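For reference, the structure is listed below as structure tokens.
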Amino acid sequence: MATYYSTRQYLLFLATVFGIISLGQCQEPGIVEDILPVVTRVGLTARLNCTVARMTSGTAVQWTFKNPRGDEIISIDKDIQVLNELKGGIKDFEVQTYDSVRGDRTTYQLVISRIRPEFHGTYECSITITGVIAEHWPRETGTITVLQAPTIRPGSTDSVKMLEKGSSSSLVCDAFGVPSPNITWVRSDGKLLPTGKAIFRGRTMPIAFADVDFSGVYKCVADNSIKPPAISLAQVYVAQEPTVRVLQDSVGQFANGQLKAKLDCIVQGYPTPSVEWMVYDGPRRRALTDSDKFDTTKQATDTQNLYNGEQWYTLTINYVQALDFRDYFCVGNNTYGEGVGKVTLFSTTECQGPLCYSMDVSPSGGSTKSFGFAHIWTVFTGPALCLIAFIKYRA
């Protein structure tokens, strides 16, 4: 005889079955709280808490570092499984346990001392169960964020960039830090960037239609508020014909055959130009070479008065005479062309330059005449002293 169950009896049967299953599941070991993330700095101590319940024989708590190169088991229960250096009485790794008041829960705290950058990453707490495959073990993950000041990656950061005039390119600054750093570009000489602005933010700064003015030193600053920021310099060269500017387009001197005159020019170009001082003898141009009459000198770099890539050249004309009053040309040459600057040497009625000085003398008068004023000019020319005095008497 068949037995029939009412709907109510059937539902009660299902509830009983699922209740038994759920009760069985509730008795299985488990991780009952989230593992909170930790943010710390190098040299400090980090702690991760894993709270478990319903532990039975054949179970253990395991901490694992999820290393990008492969998982690394740190501990099983309280036993450390990795190299554990002891410094100052403190080990790198330690597991401490704390039981709850009710005694049904235990917290396994992973303590990492003297945090290093390589400890940054994800840590997994799992309950190993004998006879159960690892994929079915209860597990939770937590993270340790190790704050790190920025560092420049030299292999992928530009330090020198050589460009043809009119070409397009970019400057790359690659930096690492935790958190990820912000990257800012500026020019060391204070000029505007190729973007037309004083500052560019971003890893890659574009350079379009390279111009002579783009030549110079560019500074990349990586900053994430963790001091110190990282700085990298990039030198940009734009191939160009030489440009020449003169400090004074005319220089005067007194022609007495003993004084000197100095003419200065500043030359810029890439590749670095060769520089000569020249004069015209009729239609022909003649280079001046070092002699008793002429000295050509390349001055030391003056960072206050020179832009990047500029060189300062001086022509000294010794024993200035009337025949020396003429035009002199500073000429720079490289594979892209020539640049010329002109300086005119002209005659004056007085000595010019640092070896000349003036002073006033006003001695008191005698019994019948006195000096109204006196002007004395002295000119030092080597070992000789030339004294020229003009005295006006007043009756």
| task | State the number of residues belonging to region 59-70 that are of a type outside the set (Lys, Arg) and either at pLDDT below 95 or touching a Lys or Arg at 6+ places or on another chain (Cβ under 8 Å) (or both). | result | 3
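Residue-by-condition table, conditions (1) of a type in the set (S, T, N, Q); (2) in contact with a Pro (Cβ under 8 Å, 6 or more places away or on another chain); (3) crowded, with 19+ Cβ neighbours inside 10 Å:
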{"site": "147", "(1), (2), (3)": "no, yes, no"}
{"site": "150", "(1), (2), (3)": "no, yes, yes"}
{"site": "156", "(1), (2), (3)": "yes, no, no"}
{"site": "160", "(1), (2), (3)": "no, no, no"}
{"site": "164", "(1), (2), (3)": "no, no, no"}
{"site": "167", "(1), (2), (3)": "yes, no, no"}
{"site": "174", "(1), (2), (3)": "no, no, no"}
{"site": "182", "(1), (2), (3)": "yes, no, no"}
{"site": "185", "(1), (2), (3)": "no, no, yes"}
| request: Determine if region 244-263 includes at least one residue that is touching a helix residue (DSSP H, G or I) at 6+ places or on another chain (Cβ under 9 Å), touching a residue at least 60 places away in the same chain (Cβ under 8 Å) and surrounded by 20 or more Cβ atoms within 10 Å (Cβ to Cβ). | output: yes
| Single residue of 89, 131, 103 found to be among the small types (Gly, Ala, Ser) and touching a residue at least 40 places away in the same chain (Cβ under 8 Å) | 131
| Failed item in (1) farther than 30 Å from residue 179 by Cβ; (2) in a loop (DSSP other than H, G, I, E, B); (3) among the aliphatic types (A, V, I, L, M); (4) touching a Lys or Arg at 6+ places or on another chain (Cβ under 8 Å), with residue 101 passing the rest | (4)
| said: Name the single residue that is surrounded by the fewest Cβ atoms within 10 Å (Cβ to Cβ) among those in region 93-133 being over 20 Å from residue 70 (Cα atoms) and of a type in the set (Gly, Ala, Ser). | reply: 131
| said: Going residue by residue through region 48-58, is there one that turns out to be β-branched (Val, Ile, Thr), closer than 18 Å to residue 137 by Cα and crowded, with 17+ Cβ neighbours inside 10 Å? | reply: yes
| request: Collect the residues in region 301-353 that are surrounded by 15 or more Cβ atoms within 10 Å (Cβ to Cβ), among the acidic types (Asp, Glu) and modelled with pLDDT of 95 or more, keeping them in residue-number order. | output: 324
| request: Take the residues in region 125-149 that are polar (S, T, N, Q) and not in a loop (DSSP other than H, G, I, E, B), then tell me which one is farthest from residue 78 (Cα to Cα). | output: 148
| request: Report yes if some residue within region 50-62 is in the same structural domain as residue 103 (by TED's automatic domain parsing), in contact with an Asp or Glu (Cβ under 8 Å, 6 or more places away or on another chain) and within 16 Å of residue 121 (Cα to Cα); otherwise report no. | output: no
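The values are calculated or read from the model by the stated rules, or taken from the named source; none is laboratory data. Computed from a prediction, not measured in an experiment: that's the story for all the values here. Virtual Cβ from ideal backbone geometry, glycine too; neighbours counted across all protein chains shown.
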